[in-house]
Amino acid sequence: MTVDSTIFFTWEGKTYEAVIEREYENSVLVQVNKPSTEMLEKFTNRMIVSKKNCQPTIE
């Protein structure tokens, strides 16, 4: 996983696509593409996701 790469992650039972903005040891800061209404209210479409919960896109 690298900065500016696209990943998929699961949050509350749904899969979302996001772009990595920053990488940490065990997690990544992502900007979510097509966030849910709840995500927009709580996180303004940016959130930290555990690397265990991420899947890179296949190119």
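Here are some notes:
- Residue check for E21: over 12 Å from the mean Cα position of the chain (by Cα), under 18 Å from P56 (Cα atoms) and either at pLDDT 90 or above or part of a strand (DSSP E or B) (or both): no
Matching residues to (1) of a type in the set (V, I, T); (2) open to solvent by 50 Å² or more (accessible area, probe 1.4 Å):
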position	(1), (2)
T2	yes, yes
E17	no, yes
E21	no, yes
L29	no, no
P35	no, no
M47	no, no
K52	no, yes
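- Tally of residues being over 11 Å from M1 (Cβ atoms) and of a type in the set (S, T, N, Q) across region 14-28: 2
- Of all residues making up region 4-15, the number that are open to solvent by 90 Å² or more (accessible area, probe 1.4 Å) and either of a type in the set (V, I, T) or part of a strand (DSSP E or B) (or both): 2
The values are calculated or read from the model by the stated rules, or taken from the named source; none is laboratory data. These numbers come from a predicted model, not from an experiment. Here Cβ is always computed from backbone atoms with ideal geometry, including for glycine, and neighbour counts include all displayed protein chains. Quick note on the areas: whole protein, heavy atoms, side chains included, nothing else; ligands and nucleic acids left out. Shrake-Rupley method; radii C 1.70, N 1.55, O 1.52, S 1.80 Å.
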